[in-house]
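Undergrad: Quick one: the structure is below, and I'll ask about it shortly.
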Amino acid sequence: MDTKLLESLLQVAQQGSIAAAARRQGLTPAAVGQRIQTLETELGFQLLERVGQSSRPTEACLRLLPHARELVTLAHHLAEKADMDGMSGYIRVGVISTLFQDLVPTLLRRIKAELPALRLHLIPGTSKDLYAGFCRDEIDAALFVEPHFELPKAALVEPLVSEPLVMISRDRPDRPIDDLLRESSYLRYDTHSWGGMIAEKFLRDRRIKIDPMVELDSLETIAILVSEGLGVSLVPHWRGLDRFAPDVHVSPSLAAEYDRKLCLMYPNKNRNDPLWVAFRALVTECAAGLARGPARTAG
């Protein structure tokens, strides 16, 4: 069986429609539909049900999906093993939005120069969603906020960089931060995100009660809204803040216990694989460059 057929099936199941799966794979909907029909012919049962513009897996398909995912993964690993020096392969990496801005461009340049046979599939998402994707074997690694709970033995974490918690405002504060947080319109960093949980812990520890004007899961959007004078916020001080809101005032770093720690999570089984060793080394070197970068001063 051609694993490309299984890849298309997995994409349809994940994206929810043949059209969306086709866009993800760079194919036409007709091509993806033909792949599904070929699979159904080979297997002898229906795989998808049409619901309006969407397609959802049948019960039989749902039972098949874990095995299909395993076969596709094994096929990628076989291709990697065919490379005699072990330095070519395909890695699916989930990445949070701020690391797409700060880390990924430098990392891709290094990979192009030093690991040209490595192919990355980059998947954006929140830390929570990327962790779930890793556990479901939908991605091979994640660049995200370090989990606040014990990881399964199948996963390893490599610390990369810490980002201090700061308060951002359009103007220089004329009173203590605690008072400003209580008295100003507050733009809350999504409390369901792992980074947002850190900001909420700061507020609880300081016994600061707020009634947020809005809650957002995008640090970039929060920074832009603060620069427009719509309120203040507690956010991790990531490097890209200057690009999105160069005029906002950034407070001095708050206590280190509220730092947002970023990391690389990867499979324990791959820790000694030559390609993974080289990939991890490039990631940590690029992250170290971020940590040495010019610090933002409160201005």
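Undergrad: Within the range 43-64, how many residues turn out to be under 22 Å from Ala22 (Cα atoms), open to solvent by less than 70 Å² (accessible area, probe 1.4 Å) and assigned to a helix (DSSP H, G or I)?
TA: Selection size over the range 43-64: 3.
Undergrad: To continue, here is another question. So, in the range 154-164, how many residues would count as being assigned to a strand (DSSP E or B) and in contact with a Ser or Thr (Cβ under 7 Å, 6 or more places away or on another chain)? Show your work before the answer.
TA: Of the range 154-164, the ones assigned to a strand (DSSP E or B) are 155-163.
With the extra rule that they be in contact with a Ser or Thr (Cβ under 7 Å, 6 or more places away or on another chain), the set shrinks to 158, 160.
So the answer is 2.
Undergrad: How many residues does the range 255-299 hold that are in contact with a helix residue (DSSP H, G or I) (Cβ under 7 Å, 6 or more places away or on another chain), modelled with pLDDT of 90 or more and not in a helix (DSSP H, G or I)?
TA: Number of matching residues: 5.
Undergrad: Right, here's the next one. Might you check whether a residue that is surrounded by fewer than 18 Cβ atoms within 10 Å (Cβ to Cβ) and not basic (Lys, Arg) occurs anywhere in the range 188-196? Give the derivation first.
TA: The first filter runs over the range 188-196 and keeps only residues surrounded by fewer than 18 Cβ atoms within 10 Å (Cβ to Cβ), leaving 191-192.
Imposing the further condition that a residue be not basic (Lys, Arg) reduces the set to 191-192.
The answer is yes; a qualifying residue exists.
Undergrad: Restricting attention to the range 205-237, which residues are farther than 20 Å from Glu163 by Cβ and open to solvent by less than 30 Å² (accessible area, probe 1.4 Å)?
TA: Those that are farther than 20 Å from Glu163 by Cβ and open to solvent by less than 30 Å² (accessible area, probe 1.4 Å): Ile208, Gly231.
Undergrad: To continue, here is another question. For Arg119, indicate whether it is of a type in the set (Lys, Arg) and part of a strand (DSSP E or B). If you could, list the steps in order and put the result at the bottom.
TA: Numbers: of a type in the set (Lys, Arg): yes; part of a strand (DSSP E or B): yes.
Spelling it out, Arg119 is indeed of a type in the set (Lys, Arg) and part of a strand (DSSP E or B).
Undergrad: Here are Val161, Val95: which of them is out of contact with any Pro (no Cβ under 7 Å at 6 or more places or on another chain) and surrounded by 14 or more Cβ atoms within 10 Å (Cβ to Cβ)?
TA: On the way: Val95 fails: out of contact with any Pro (no Cβ under 7 Å at 6 or more places or on another chain).
Exactly one of Val161, Val95 is out of contact with any Pro (no Cβ under 7 Å at 6 or more places or on another chain) and surrounded by 14 or more Cβ atoms within 10 Å (Cβ to Cβ), namely Val161.
Undergrad: Kindly indicate which of Leu151, Leu187, Leu234, Leu143 is within 30 Å of Leu282 (Cβ to Cβ) and part of a strand (DSSP E or B). Step through it out loud before you land on a result.
TA: Numbers: Leu151 fails: part of a strand (DSSP E or B); Leu187 fails: within 30 Å of Leu282 (Cβ to Cβ); Leu234 fails: within 30 Å of Leu282 (Cβ to Cβ).
After ruling out the rest, the residue left standing is Leu143.
Undergrad: Scanning the range 12-42 for residues that are under 18 Å from Arg63 (Cβ atoms) and open to solvent by less than 40 Å² (accessible area, probe 1.4 Å), which turns out farthest from the chain's Cα centre (by Cα)?
TA: Narrowing the range 12-42 to residues under 18 Å from Arg63 (Cβ atoms): 12-14, 36, 39-40, 42.
Imposing the further condition that a residue be open to solvent by less than 40 Å² (accessible area, probe 1.4 Å) reduces the set to 12-13, 36, 39.
Values: Val12: 21, Ala13: 20, Ile36: 29, Leu39: 31 Å.
Top of the filtered list is Leu39.
Undergrad: With the condition kept exactly as written, say whether any residue in the range 240-254 is touching a Phe, Trp or Tyr at 6+ places or on another chain (Cβ under 8 Å), modelled with pLDDT of 90 or more and not in a helix (DSSP H, G or I). Steps first, answer last, please.
TA: Within the range 240-254, the first condition is being touching a Phe, Trp or Tyr at 6+ places or on another chain (Cβ under 8 Å), and the residues that meet it are 254.
Those left that are additionally modelled with pLDDT of 90 or more: 254.
Within this subset, residues satisfying the condition of being not in a helix (DSSP H, G or I) are 254.
For the range 240-254, residues touching a Phe, Trp or Tyr at 6+ places or on another chain (Cβ under 8 Å), modelled with pLDDT of 90 or more and not in a helix (DSSP H, G or I): present.
Undergrad: Another question, if that's okay. Just a yes or no: is a residue in the range 129-136 modelled with pLDDT under 90 and farther than 30 Å from Arg24 by Cα? Please lay out each step first, then the result.
TA: Initial filter on the range 129-136 (modelled with pLDDT under 90): 136.
From what's left, farther than 30 Å from Arg24 by Cα: none.
No.
Undergrad: Turning to a different aspect of this structure: Of the residues that make up the range 58-72, is at least one small (Gly, Ala, Ser) and at pLDDT 90 or above?
TA: The first filter runs over the range 58-72 and keeps only residues small (Gly, Ala, Ser), leaving 60, 68.
Of the ones still in play, those that are also at pLDDT 90 or above are 60.
Among the residues of the range 58-72, at least one is small (Gly, Ala, Ser) and at pLDDT 90 or above, which makes the answer yes.
The values are calculated or read from the model by the stated rules, or taken from the named source; none is laboratory data. Fair warning: this is a prediction, and the values are worked out from it, not measured in the lab. All Cβ positions, even for glycine, are placed from backbone atoms using ideal geometry, and neighbour counts span all protein chains on display. We work out accessible area using only protein heavy atoms, side chains counted, and drop any ligands, DNA or RNA first. Shrake-Rupley method; radii C 1.70, N 1.55, O 1.52, S 1.80 Å.
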